[in-house]
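The values are calculated or read from the model by the stated rules, or taken from the named source; none is laboratory data. All values reported here derive from a predicted model rather than from experimental measurement. Heads up, the Cβs are rebuilt from the backbone with ideal geometry, glycines too, and the neighbour counts pull from every protein chain shown. For accessibility, only protein heavy atoms count, side chains too; no ligands or nucleic acids. Shrake-Rupley method; radii C 1.70, N 1.55, O 1.52, S 1.80 Å.
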Amino acid sequence: MKILVTGGTGYIGSHTVVELLNAGFEVVIVDDLSNSKADIAIAIERITGTKPLLEVFDLTDKVKTADFFKRHRDLKGVIHFAAKKAVGESVEKPLLYYRNNLESLMNVLEGMVDNNIRNFVFSSSCTVYGQPDELPVSESAPIKKAESPYGNTKQISEEIIYDTVKVTDLKAIALRYFNPIGAHESALIGELPLGVPDNLLPYITQTAIGIRKKLRVFGDDYNTPDGTAIRDYIHVVDLAKAHVVAVQRMIEGKMKKDFEVFNLGTGNGYSVMDVIKSFEKVTGLKLNYEIVGRREGDVEQVWADPSFSNKELGWKAEKGLDEMVSSAWRWEKAYRGSQPPQP
Ligand code: UFG
């Protein structure tokens with residue numbers, strides 16, 4: 001049972017590879033290492049006892065991608081993570097995002113269709129809902145105009161998949177993630193943002209370890225109980241496990257439609273201040289932070305209705321906020337401890 005994981009050395013990809021190997025799948029990773037390191041394959045081997053095959057190339061390269069699929073006709077499925085994901089950068093460089101995220105998707109789909117590989121899992125995002133009219137947000141909520149080119153690539157990608165499924169033998173599941181945080185319990189893999197982190201958790205852990213001076217809390221004047229914005233944070237290992245379930249569902253022929261969409265969240269909304277308090281509680285540290293103005297493009301509050309995923313996939317996020325936050329901190333400490341001292 002061989003599965004291709006594109007972007008498999010990245011944050012969510014690496015955790016998913018671990019869960020696939022634990023479940024007995026064989027894994028091939030394709031990654032261009034533009035936002036990750038080849039060493040991750042070794043960390044995965046330390047966790048699981050199996051080193052996944054890693055092929056390093058860029059999936060926007062049509063010739064290389066076609067050649068890859070010809071050599072791997074025995075794939076049972078593909079989980080497609082490989083994509084650029086920085087919201088702010090996508091506003092600065094829209095063409096980079098459209099070219100990278102959409103060309104790679106089309107090359108992968110073409111490789112699958114040409115070689116009769118049928119099962120495709122796509123890494124989508126709750127960003128497709130924008131600020132939803134109703135909370136919690138279910139899969140049937142309307143798709144709002146994207147706030148950023150990054151978000152738009154997720155919307156367009158889902159449409160490309162839908163149109164392809166209609167006219168081929170391809171079956172697809174799009175998983176719409178809420179806010180993945182945390183790290184594997186081994187602290188051997190975790191989130192490794194390039195440069196200054198955009199996201200809340202890596203910013204918190206990097207501030208606490210002394211790489212950043214101060215966390216800026218973007219806005220305390222939202223219409224929420226403590227005024228800070230609310231998200232549905234989900235442990236990356238819970239998220240990774242949902243991908244294994246999705247792949248099994250496809251292979252076992254349990255899909256109800258040829259293109260299915262699932263929300264992956266816990267159903268709990270936490271504010272930025274809740275996350276900071278959880279961090280201070282589990283670490284016993286005082287976090288240096290200040291309240292500043294809102295960040296452009298942020299929605300006020302969003303959390304998932306995961307009941308459809310819970311029922312249909314038989315999957316449920318199990319880990320709570322404190323466990324998510326403490327695993328992120330263990331990873332930050334372990335990672336920094338493993339790096340040579342800075343000059
Ligand atoms: N935040 C801060 N300070 C920071 C970073 C974040 O206060 O330094 C706040 C944000 O304003 C937001 C919350 O923390 O209220 C979460 O922010 P993240 O950047 O961690 O996550 P987002 O919800 O903005 O973005 C995530 C994914 C995107 C995806 C988006 C969809 O990172 O890929 O959810 O809503 F598009």
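Working note: Cα atoms of segment 271-343, range along each principal axis, descending, whole Å: 52, 33, 24. Across 280, 134, 252, the residue with the most accessible area heads the list, and the full order at a 1.4 Å probe is 134, 252, 280.
Put a dot 7 Å past the Cα of residue 254, heading toward its Cβ, do the same for residue 50, and the two dots end up 2.0 nm apart. Using the empirical formula 2.2 N^0.38 Å as the baseline, the Cα radius of gyration of segment 148-224 reaches a ratio of 1.59. Can you figure out the FRET efficiency of residue 34 with residue 336, using R₀ = 25 Å and their beta-carbon distance, to the nearest 0.05? Result of the calculation: an efficiency of 0.65. Against the chain, whose longest principal axis is taken from its Cα atoms, helix 94-114 shows a tilt of about 30°.
Around residue 234, which amide H atoms from residues at least 5 apart in sequence, or from another chain, sit under 5 Å from its own amide H, with H modelled in the peptide plane? Long-range HN contacts for residue 234: 179, 181. Note on residue 144: aspartates and glutamates with a C-alpha under 15 Å away, same-chain residues under 8 apart excluded, are 133, 134, 158, 159, 298, 300. Residues in the chain average 46 Å² of solvent-accessible surface per residue, probe 1.4 Å, ligands and nucleic acids excluded. Applying 1/(1 + (r/R0)^6) with R0 = 25 Å to the Cβ-Cβ distance of residue 288 and residue 89 gives a FRET efficiency near 0.45.
Each residue, residue 73 and residue 26, gets one label point 7 Å from its Cα in the Cβ direction; the gap between the two is 1.5 nm.
Listed by chain and number, the aspartates and glutamates whose C-alpha is less than 16 Å from the C-alpha of residue 256, apart from same-chain residues fewer than 8 away, are 139, 169, 312. For the residue pairs 145/286; 70/241; 84/214; 154/286, alpha carbon separations beyond 31 Å are given by 145/286; 154/286.
Please list, or write none, the aspartates and glutamates whose alpha carbon is within less than 20 Å of the alpha carbon of residue 213, excluding same-chain residues fewer than 8 places away. Output for residue 213: 191, 198, 280, 290, 332. The angle between the Cα long axis of helix 62-71 and the longest principal axis of the Cα atoms of the chain comes to about 60 degrees, rounded to the nearest 10. Relative to the Cα centre, the charge distribution of segment 213-343, modelled as +1 at Lys and Arg Cβ and -1 at Asp and Glu Cβ, gives a dipole magnitude of about 500 debye.
Ranking 262, 308 by solvent-accessible area of protein heavy atoms (1.4 Å probe, all protein chains present), from largest to smallest, gives 308, 262. Here each label is just a point 7 Å from Cα along the line to Cβ, and for residue 194 and residue 166 those points are 3.5 nm apart.
Placing unit charges on the Cβ atoms of the charged side chains and taking the dipole of segment 119-227 about its Cα centre, the candidate lying farthest along the positive direction among 162, 136, 189 is 189. Using only side-chain charges placed at the Cβ, +1 for Lys and Arg and -1 for Asp and Glu, the dipole size of the chain relative to its Cα centre rounds to 580 debye. The portion of the accessible surface of the chain made up by carbon and sulfur, rounded to a whole percent, is 49 (1.4 Å probe; DNA, RNA and ligands excluded).
Taking the Cα centre of segment 126-269 as reference, the dipole from Cβ charges on Lys and Arg (+1) and Asp and Glu (-1) amounts to some 260 debye. With a cut-off of 12 Å on the backbone N, the residues of segment 296-323 near the modelled label site 7 Å out from residue 281 along Cα-Cβ are 320-323.
Report for the chain the percent antiparallel among DSSP-assigned beta bridges with both residues inside it, nearest 5. Close to 5 percent.
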